[in-house]
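A short write-up of the structure that comes next.
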Amino acid sequence: MTTPRLNELDASELAVRLARREIKAEDLAIACLERVAEREDDVHAFAHLDAVNALAQARALDAGPVRGLLHGLPLGVKDLFDTTDLPTGYGSALYAHHRPVADAATVALCREAGAVVLGKTVTTEFAYFQPGPTCNPHNTQFTPGGSSSGSAAAVADRMVPLALGTQTAGSIIRPAAFCGVVGYKPSHGRVVGAGVKSLSPTLDVIGGFGRSVRDVALLGAVLTGDRRLFEWGEHGAPRIGLFQTPAWPQADVDTQNVWSLATQALATHTDACQDVAMPQNFGDLIQLQKDVMTFEMARSLSHERLRHREALSAQLVALLDAGMAIDGATHDANLQRTADWRLRIDSLFERHDVLLTPSAIGEAPKGLEATGDPLFCRSWSLLGLPCVHLPFATGAMDLPVGLQLVGRFGEDHKLLAAAHWVHERLTR
């Protein structure tokens with residue numbers, strides 16, 4: 001049996017071995033950089049890479065005390081996050097030479113916990129739909145999803161064990177699904193957003209990617225400051241609500257097959273899987289999410305819209321124009337509807353601990369001109385609920401397929417514990 005290279009190990013295992021000084025942070029960084037050198041010309045996961053600085057960070061960690069939960073772990077940082085030692089371009093040529101004076105709060109927290117920032121990963125243009133150069137590492141003719149394209153691809157391709165991402169519509173869960181990694185979107189407001197390019201304050205959430213639930217739980221504990229996220233211990237079977245959503249008719253054969261596979265497998269381990277009663281008008285949330293996002297993005301990107309319109313993609317310009325056509329009174333009403341729905345949806349969790357629901361329409365679409373449809377993510381982003389994508393199968397094109405679990409607002413630790421329980425049983 002071949003011994004895995006250090007870069008192939010999960011973050012949670014590496015964290016234990018680094019803390020015990022069984023391996024060196026420098027050796028791990030070298031292994032990750034070697035993998036980048038092997039594959040970056042094909043995958044294009046990174047917008048900026050600084051091997052010299054990453055190795056210097058790793059050596060300093062080896063020479064000092066154990067810093068924290070992420071001690072010595074290489075980290076990919078989505079190029080939407082400000083960094084002092086690397087350019088921050090927000091996926092736009094407008095900011096090609098932008099050098100922030102401070103790290104984003106989340107980047108600083110990860111460094112404080114001992115993470116080694118390997119580089120900045122590719123994002124779509126201002127985290128919207130115009131793709132960057134990143135390819136799906138499983139087949140480079142297919143999209144990796146977006147907007148956290150490079151982060152998902154880098155983790156999937158064993159370039160880094162962990163990476164930061166953001167989600168406003170489906171930008172963590174969808175690329176996690178297409179690349180076959182675990183993606184974690186925390187409850188809205190659990191992670192401080194200072195220093196991350198804001199698109200929609202009502203919807204924006206910072207999270208990340210790993211190769212196991214324990215990996216993203218480790219990262220989540222650092223981002224939120226809540227150690228319960230990875231100290232969940234042993235729990236019994238969660239009460240799982242099966243929630244296909246009104247968009248289910250648009251799920252393709254691969255998602256339908258993986259749904260059947262998952263529900264049949266879980267039924268052998270628990271009798272607490274039950275269909276969720278569909279709330280009336282739940283399907284309206286998809287358009288509501290679009291309207292809230294469009295209004296807020298048009299105003300968040302006012303500088304770019306007013307000063308550099310000609311340098312923006314046609315897709316983004318169309319969105320910004322549509323957002324400016326929505327008046328403030330309409331947006332206020334939309335925010336009230338959103339608040340009402342957030343209260344209403346909470347009642348589902350009186351009967352279910354978590355909801356099992358699709359992550360994406362199916363496998364990653366072929367081609368790099370688009371990043372796929374966030375259809376099955378929009379409602380959960382609007383509601384601000386925590387979500388975890390669980391990869392466990394492949395589709396007709398031999399690309400990853402999985403499902404997501406959705407938890408009660410603010411109960412991220414319970415969601416992650418349930419996700420670990422479910423994922424173990426789906427991957428046996």
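Ignoring ligands, DNA and RNA, please state the percent of accessible area on the chain from carbon and sulfur, probe 1.4 Å.
Details: 8230 of 16190 Å².
Exposed carbon and sulfur together represent 51 percent of the surface.
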With a/c under 1.5 counting as rounded, go ahead and sort the range 214-360 into rounded, prolate or oblate using the C-alpha gyration tensor (a ≥ b ≥ c being the square roots of the eigenvalues; past the cut-off, prolate if a/b is larger than b/c, else oblate).
-> prolate
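Between Asp332 and Gln250, what length comes free when the chain is fully extended (0.36 nm per residue of separation minus the Cα-Cα distance, one decimal in nm)?
Going from the current span to full extension adds 26.5 nm.
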In nm, what is the difference between 0.36 nm times the number of residues separating Val101 and Glu34 and their Cα-Cα distance?
-> 21.1 nm
Name the long-range amide H neighbours of Leu242: under 5 Å, sequence gap of 5 or more, or other chain; modelled H, no Pro or chain starts.
-> Gln274, Asp275, Val276, Leu356
Averaged per residue, what accessible surface does the range 226-338 expose to a 1.4 Å probe, in Å²?
-> 53 Å²
Would you please give the residues with an amide H less than 5 Å from that of Leu162, counting only those at least 5 places away or on a separate chain, with H modeled from the backbone geometry?
-> Gly76
Return the distance in nm (one decimal) between the two label points of a simple spin-label model at Asp340 and Val52, each offset 7 Å from Cα along Cα→Cβ.
-> 6.0 nm
Report the accessible area of Asp10, computed with a 1.4 Å probe over the heavy atoms of all protein chains in place, in Å² rounded to the nearest 10.
-> 50 Å²
Across the chain, how many lysine pairs, 8 or more positions apart or on different chains, have C-alpha atoms separated by under 27 Å? Please give the number.
-> 17
Coil-residue trypsin sites (Lys or Arg not before Pro) of the range 307-412, DSSP, other Cβ within 10 Å capped at 14 | Arg351
Both in Å, the radius of gyration and Dmax of the C-alpha trace of the range 332-428 are 15.3, 48
Note on the chain, DSSP bridge orientation, antiparallel percent to nearest 5 equals 65 percent
Can you bin the range 96-213 into rounded, prolate or oblate? Criterion: square roots of the alpha carbon gyration tensor eigenvalues sorted a ≥ b ≥ c, rounded for a/c under 1.5, prolate for a/b above b/c, oblate for the rest.
-> rounded
Within the chain, which DSSP H helices have Cα atoms that stretch 24 Å or more along the helix axis and a mean Kyte-Doolittle hydropathy of at least -1.0?
-> 25-43, 328-345
Inter-probe distance in nm under a simple model that places probes 7 Å from Cα toward Cβ, at Thr427 and Thr394 | 1.6 nm
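Are there any GluC sites (Glu not before Pro) in the range 360-428 that are in a DSSP loop and have at most 16 other Cβ atoms within 10 Å? List them by number.
Here the GluC sites (Glu not before Pro) that fit, given the DSSP loop and packing criteria, are Glu369.
Going by a ≥ b ≥ c, the root eigenvalues of the Cα gyration tensor, does the range 24-91 fall in the rounded group (a/c under 1.5), the prolate group (a/b larger than b/c) or the oblate group?
Judged from the Cα gyration tensor, the range 24-91 comes out oblate (a/c at least 1.5, b/c at or above a/b).
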When the helices in the chain are scored as -39500 (n - 2.57) per DSSP H run of 4 or longer and the sum is shared across all residues, what 222 nm value do you end up with, to the nearest 500 deg cm²/dmol?
-> -11500 deg cm²/dmol
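The values are calculated or read from the model by the stated rules, or taken from the named source; none is laboratory data. Computed from a predicted model, the values in this text were never measured in an experiment. Backbone-built Cβ (ideal geometry, glycine too); neighbour counts: all protein chains shown. What goes into the accessible areas is simple: the full protein's heavy atoms, side chains included, and nothing from ligands, DNA or RNA. Shrake-Rupley method; radii C 1.70, N 1.55, O 1.52, S 1.80 Å.
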